[in-house]
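The structure appears right after this line, and notes come after that.
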Amino acid sequence: MDPSPSRRIRWAINGALILALLAVFLGGLFTVVIGFFTGRLSPEASWQQWLGVIFPAVVIWGIAALPFGAALGFFASLIWREV
């Protein structure tokens, strides 16, 4: 059974958003850990320094994950059937 176009689009959008949110969270965590080890961040740094390091990385991680999440969601809609 071939899924409808609206189902494929819905799954693609949901997949893109879920993977982007996961990438933002894990990418931010990864950036903080690497920032501590490289010395770019310190626990007593001001919030401006934290924002200056984390925000660009989080945006890049999230934007980069969108097309991959859309592709995964699209193909998942072809595999799983709605019950």
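Values in this text are rule-based calculations from the coordinates and carry no lab data. Owing to the predicted nature of the structure, the values given are computational and were not obtained by experimental measurement. Note that each Cβ is placed from the backbone with ideal geometry, even for glycine, and that neighbours are counted across all protein chains shown.
Placing dummy labels 7 Å off each Cα toward the beta-carbon, the span from Phe30 to Ile63 is 1.7 nm. If the segment from Leu22 to Trp47 were pulled out straight at 0.36 nm per residue, it would be longer than the present Cα-Cα gap by 6.7 nm.
In this simple spin-label approximation, Leu78 and Phe37 carry label points 7 Å from Cα along the Cα→Cβ vector, and these lie 3.8 nm apart. Helix 5-38 and the long axis of the chain differ in direction by around 20°, with both axes built from C-alpha atoms. Please determine, in degrees from 0 to 90 and to the nearest 10, the orientation of helix 47-79 with respect to the longest principal axis defined by the Cα atoms of the chain, where the helix direction is its Cα long axis. Helix 47-79 sits roughly 20 degrees off the main axis of the chain. In segment 15-83, which chymotrypsin sites (Phe, Trp or Tyr not before Pro) are in a loop and have at most 14 other Cβ atoms within 10 Å, using DSSP for the loop call? Loop-located and lightly packed - Trp80. Listed values (i) 58; (ii) 45; (iii) 71 include one computed from this model; for percent of Cα pairs over 16 Å apart that value carries the label (i).
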